[in-house]
1. Evaluate the Debye formula for the chain with equal point scatterers sitting on the alpha carbons, no solvent, and hand back log10 of I(q)/I(0) at q = 0.07, 0.16 Å⁻¹, in q order, two decimals.
2. With labels modelled as points extended 7 Å from the Cα through the Cβ direction, what inter-label distance (nm, one decimal) is found for ARG175 paired with ASN81?
3. Between the alpha-carbon centers of the stretch 115-181 and the stretch 74-102, tell me the distance in whole angstrom.
4. Compute the FRET efficiency between GLN47 and ARG163 as 1/(1 + (r/R0)^6), taking r as their Cβ-Cβ distance and R0 = 45 Å, and round to the nearest 0.05.
5. Starting from the coordinates of the alpha-carbon atoms of the stretch 11-83, obtain the Kirkwood hydrodynamic radius over all distinct pairs and give the value in Å to one decimal.
6. Can you give the percent of C-alpha pairs in the stretch 114-214 whose distance is more than 21 Å?
7. Counting only other residues whose beta carbon sits under 15 Å from that of ILE77, what net charge do I get with K and R as +1, D and E as -1?
8. Kirkwood Rh over Cα pairs of the stretch 159-204 into Stokes-Einstein at 10 °C, 1.306 mPa s: D in µm²/s?
Amino acid sequence: MRLYPMMAKLQGKRCLVVGGGQVAERKIGSLLAAGADVAVVSPSCSQAVEEWAGAGSLVLFRRPFSPEDVREAVIVIAATNDPAVNLAVYQACGSHQWVNVVDRPDLCSFTVPSVVERGDLQIAISTGGHNPGLAKKLRRQVETQFGPEYVEYTAFLGAMRSRVLALSLDEMRKRELLSELLDDRFLNWTRTGERERRDLEAEKLIEQTRWTGA
């Protein structure tokens with residue numbers, strides 16, 4: 001069955017992670033970065049998880065999993081090294097909950113893609129949980145293609161888009177201007193550090209379009 005790709009807002013959503021090892025730590029870190037309300041259940045956990053708990057970033061229950069733990073969770077991740085415990089987590093969840101069981105794509109109602117992040121730009125790569133090695137390989141290739149300059153470049157484009165949308169122009173002219181701002185020369189100037197040249201050219205385009213569209 002083909003999966004439905006989407007980007008989800010998890011701000012304030014209760015997410016449960018069962019497990020406290022290195023695999024669980026990666027899952028927890030991603031959830032915290034998304035602003036989720038994270039609860040962790042595990043008799044033991046990594047130093048990073050301990051530190052997050054000590055800082056109040058998550059709620060940590062240092063004990064074995066209990067089926068009642070899933071009750072309030074929107075997302076449940078079973079990330080222990082015990083297949084029996086992971087299966088018990090899956091079995092405790094209802095059909096309305098999103099469940100991920102590490103190394104068991106057949107039990108997952110969602111999988112976590114391999115992600116390349118460059119500021120606001122997120123590129124997700126998924127093999128449906130069936131070939132994580134390939135996803136990691138492709139991620140490394142994408143990281144090379146989309147370098148750190150994309151952090152600044154996406155910020156530049158976001159600022160320009162806000163300015164263009166605020167102009168008193170018809171929608172066609174706005175689309176044309178936004179398309180012109182996507183020209184590779186703006187990316188190349190960002191990559192080479194020619195920010196002043198890039199910004200001046202963008203201002204020139206905006207002013208020209210404003211006057212011709214007036």
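1. -0.33, -1.03
2. Simple spin-label model gives 5.6 nm for this pair.
3. 33
4. Given R0 = 45 Å and the Cβ-Cβ separation, E is 0.50.
5. Hydrodynamic radius (Kirkwood, Cα only) of the stretch 11-83 equals 11.8 Å.
6. Summing the P(r) tail past 21 Å for the stretch 114-214 gives 46 percent.
7. Once all neighbours under 15 Å are counted, the net charge is -1.
8. Estimated via Stokes-Einstein, D reaches 143 µm²/s.
The values are calculated or read from the model by the stated rules, or taken from the named source; none is laboratory data. What you are looking at is a predicted structure, and each value in this text was computed from that prediction instead of being measured. Virtual Cβ from ideal backbone geometry, glycine too; neighbours counted across all protein chains shown. These accessible areas exclude ligands, DNA and RNA; they are computed on the full protein's heavy atoms, side chains included. Shrake-Rupley method; radii C 1.70, N 1.55, O 1.52, S 1.80 Å.
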